[in-house]
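Engineer: Sharing a structure with you now.
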Amino acid sequence: MCTDRRDFLRLSAGMAGAALLGSSLAHAQQDPQPEAIRSLRRMTDKVVPITLEERKGRIEKAQRLMREQRIDAIYVEPGSSMFYYTGMRWGTSERMFAMVIPARGELAWVCPKFEEERARELISMGTDIRTWEEDESPYKRVAEILKDRGVRTGTVGIEERVRFFLYDGIRQAAPGVKFVSATPITAGCRMFKSPAELALMQIANDITIVAYKATRDSMTEGMTQGEFAGNCAAAFRALGTSGGVFVSFGKYTAFPHGSSTPQRLKEGDVVLMDGGCGIEGYQSDITRTFVFGKATDRQRQIWDLEKKAQDAGFAAAKVGAPCEAVDAAARKVITDAGFGPDYKVPGLPHRTGHGIGLDGHEWTNFVRGNKTPIQPGMCFSDEPTIVIYGEFGIRLEDCLYITPNGPKFFTKQSESIDEPF
């Protein structure tokens, strides 16, 4: 359920304390890795990146959607959407680097002049690169692109991650233009995964399960969260990628995204690990919950209830059904058992799932009120949680994709509290 793979180390540090995590990781670097991690081998040798032809097709779809939505162009700065359409990775700063995709015609770039040569090395789509010197306005370059594409008084979509100062500068430089959200275009493309995207997500999920199992097999009495997270990061590296996890022990598993209290593992603790990795930018997001040692009857009861709720959510993810139906089905299992109701705890305090792809959380969500029909190509997490503050929490999270015949999980669900993998 983590918001982004880049948040894992931050979350781990927040739970265990920055100093504790740092010292634990330093200690892990000095000591030999556990056997379960040393025995891992790369799983990324057969990764097939997204082709240039597929990216060109994405731009063509975006332009078709723009024409349908009567949007004349969209403005995108570096991030997942820019990468999705062009394969370009570029950092963000106060200096504008951006892309404009018009509804008709060639896309264009805006780049600091002193970065032009590096940009030309990286840009694989589009030859119209407008540069600006340090004492010039980049906003005027955007206005010039719009004018040259025939957009003087039309409508321009702003991608949702664009920072306000950039939008505000463009707005002032192009006073005749109307600005709207570009989400109908970007989500209209990115929400539906191609076979190549699904293949990359499958590899990310396969790797995550292997890394998790090796991490679990490396647990020892008294280990810290930082040591646990360090073992998991090492497992991902051994498997050929970078990834991370946050983990909670005992009563702190009731905190959906962890507690700031440092913890050490002890016999009988519930262990909740949540995280994943990225393959060519495509994310996995998996949660496994189990017990270090022998589970109590109470732990088994709540774990089995959580599994039943996850199953109910999966069964409701039918083509054509509204997204909210999945949340309703999973939540009903939990409330029928006496928890809740609604978001009250003990119970399920958050939505049942979120979209996933190039971002760990993206469009759209399994949440009450979301009438968006479930369609083939969509990908979601299925992760109802049962939170019981003062005792423990149980979350089982697997991601699924929608086929014409219904949902399929990327990963095999946990079989029981004793057999999480």
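The values are calculated or read from the model by the stated rules, or taken from the named source; none is laboratory data. Bear in mind that the values here come from a model prediction, so they are computed numbers and not experimental data. Reconstructed Cβ throughout: ideal geometry from the backbone, glycine too, with neighbour counts over all protein chains shown.
Engineer: Out of the residues in the stretch 169-199 meeting the condition of being in a helix (DSSP H, G or I) and free of Cβ contacts under 8 Å to residues at least 24 places away in the same chain, tell me which one is farthest from residue 94 (Cα to Cα). Write out each step before concluding.
Structural biologist: First pass over the stretch 169-199, keeping only residues in a helix (DSSP H, G or I): 169-173, 183-190, 195-199.
After this cut, where a residue has to be free of Cβ contacts under 8 Å to residues at least 24 places away in the same chain as well, the list is 171, 195.
Working: 171: 17, 195: 37 Å.
Within the stretch 169-199, the match that is farthest from residue 94 (Cα to Cα) is 195.
Engineer: Which of (1) under 30 Å from residue 408 (Cβ atoms); (2) in the same structural domain as residue 400 (by TED's automatic domain parsing) does residue 184 not meet, given it meets every other one?
Structural biologist: All conditions are met except number (2).
Engineer: Output the qualifying pairs, or none if there are none: Cβ atoms under 9 angstrom, residues six or more apart or on different chains, first residue in the stretch 314-331 and not assigned by TED's automatic domain parsing to the domain that holds residue 384, second residue of a type in the set (Lys, Arg).
Structural biologist: none
Engineer: Out of the residues in the stretch 333-346 meeting the condition of being among the hydrophobic types (A, V, I, L, M, F, W, C) and in a loop (DSSP other than H, G, I, E, B), tell me which one is farthest from residue 317 (Cα to Cα).
Structural biologist: Going residue by residue through the stretch 333-346, those that are among the hydrophobic types (A, V, I, L, M, F, W, C) are 333-334, 337, 339, 345.
Next, only the ones that are in a loop (DSSP other than H, G, I, E, B) stay: 337, 339, 345.
Details: 337: 22, 339: 23, 345: 25 Å.
Looking at the filtered set, the residue picked out is 345.
Engineer: Let me ask something else. Looking only at residues that are free of Cβ contacts under 8 Å to residues at least 40 places away in the same chain and in contact with a helix residue (DSSP H, G or I) (Cβ under 7 Å, 6 or more places away or on another chain) in the stretch 110-126, which one is surrounded by the fewest Cβ atoms within 10 Å (Cβ to Cβ)? If you could, list the steps in order and put the result at the bottom.
Structural biologist: Here is the first cut: in the stretch 110-126, the ones free of Cβ contacts under 8 Å to residues at least 40 places away in the same chain are 110-123.
Filter once more, keeping what is in contact with a helix residue (DSSP H, G or I) (Cβ under 7 Å, 6 or more places away or on another chain): 110-111.
Working: 110: 27, 111: 24.
Among them, the one singled out is 111.
Engineer: Which residue out of 278, 320 is within 30 Å of residue 85 (Cβ to Cβ) and either crowded, with 19+ Cβ neighbours inside 10 Å or touching a His at 6+ places or on another chain (Cβ under 9 Å) (or both)? It would help to see each step written out before you state the result.
Structural biologist: Details: 320 fails: either crowded, with 19+ Cβ neighbours inside 10 Å or touching a His at 6+ places or on another chain (Cβ under 9 Å) (or both).
Every option except 278 fails the conditions.
Engineer: From the list 376, 349, which residue is touching a strand residue (DSSP E or B) at 6+ places or on another chain (Cβ under 6 Å), in a loop (DSSP other than H, G, I, E, B) and within 24 Å of residue 308 (Cα to Cα)?
Structural biologist: Details: 376 fails: within 24 Å of residue 308 (Cα to Cα).
Within the list 376, 349, the selection yields 349.
Engineer: If a residue has to be in contact with a Pro (Cβ under 9 Å, 6 or more places away or on another chain) and closer than 28 Å to residue 66 by Cα to count, how many in the stretch 112-141 make the cut? If you could, list the steps in order and put the result at the bottom.
Structural biologist: Within the stretch 112-141, the subset in contact with a Pro (Cβ under 9 Å, 6 or more places away or on another chain) is 112, 119, 130-134, 138.
From what is left, the residues that are closer than 28 Å to residue 66 by Cα are 112, 119, 130-132, 138.
Residues meeting the conditions: 6.
Engineer: Name the single residue that is surrounded by the fewest Cβ atoms within 10 Å (Cβ to Cβ) among those in the stretch 127-146 being free of Cβ contacts under 8 Å to residues at least 40 places away in the same chain, closer than 15 Å to residue 76 by Cα and hydrophobic (A, V, I, L, M, F, W, C).
Structural biologist: So, considering only residues that are free of Cβ contacts under 8 Å to residues at least 40 places away in the same chain, closer than 15 Å to residue 76 by Cα and hydrophobic (A, V, I, L, M, F, W, C), the one surrounded by the fewest Cβ atoms within 10 Å (Cβ to Cβ) is 129.
Engineer: To continue, here is another question. Just one of 303, 363 is of a type in the set (A, V, I, L, M, F, W, C), within 30 Å of residue 78 (Cβ to Cβ) and either in the same structural domain as residue 400 (by TED's automatic domain parsing) or not in a strand (DSSP E or B) (or both); which is it?
Structural biologist: Numbers: 303 fails: within 30 Å of residue 78 (Cβ to Cβ).
Answer to the selection: 363.
Rundown of residues vs (1) under 30 Å from residue 203 (Cα atoms); (2) touching a Leu at 6+ places or on another chain (Cβ under 8 Å); (3) modelled with pLDDT of 95 or more, yes/no style:
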| position | (1), (2), (3) |
| --- | --- |
| 120 | no, no, yes |
| 128 | no, yes, yes |
| 143 | no, no, yes |
| 160 | yes, no, yes |
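Engineer: Read through the list (1) over 26 Å from residue 225 (Cβ atoms); (2) of a type outside the set (Val, Ile, Thr); (3) at pLDDT below 95, then give the number of the only condition that residue 52 fails.
Structural biologist: (3)
Engineer: Here's another thing I want to ask about it. Hey, can you tell me all the residues within the stretch 93-102 that are out of contact with any Leu (no Cβ under 9 Å at 6 or more places or on another chain) and closer than 24 Å to residue 56 by Cα? Before you say what the answer is, go through the steps one by one.
Structural biologist: At the first step, the residues of the stretch 93-102 found to be out of contact with any Leu (no Cβ under 9 Å at 6 or more places or on another chain) are 93-95, 97.
Listed by number, the list holds a single entry, 97.
Engineer: Taking the conditions exactly as written (in contact with a helix residue (DSSP H, G or I) (Cβ under 7 Å, 6 or more places away or on another chain), outside any strand (DSSP E or B) and not aromatic (Phe, Trp, Tyr)), does residue 253 satisfy them or not? If you could, list the steps in order and put the result at the bottom.
Structural biologist: Details: in contact with a helix residue (DSSP H, G or I) (Cβ under 7 Å, 6 or more places away or on another chain): no; outside any strand (DSSP E or B): yes; not aromatic (Phe, Trp, Tyr): yes.
No; evaluated as a whole, the condition is false for this residue.
Engineer: Right, here's the next one. Select from the stretch 84-105 the residues that are closer than 13 Å to residue 161 by Cβ and surrounded by fewer than 18 Cβ atoms within 10 Å (Cβ to Cβ) and list them in ascending order.
Structural biologist: Within the stretch 84-105, just 92 meets the criteria.
Engineer: May I ask you to list the residues in the stretch 43-57 that are surrounded by fewer than 17 Cβ atoms within 10 Å (Cβ to Cβ) and under 22 Å from residue 104 (Cα atoms)? Even if it seems obvious, please write down each step before you answer.
Structural biologist: Initially, the stretch 43-57 is screened for residues surrounded by fewer than 17 Cβ atoms within 10 Å (Cβ to Cβ), giving 44-49, 51-54, 56-57.
Those that are surrounded by fewer than 17 Cβ atoms within 10 Å (Cβ to Cβ) and under 22 Å from residue 104 (Cα atoms): 52, 53, 54, 56, 57.
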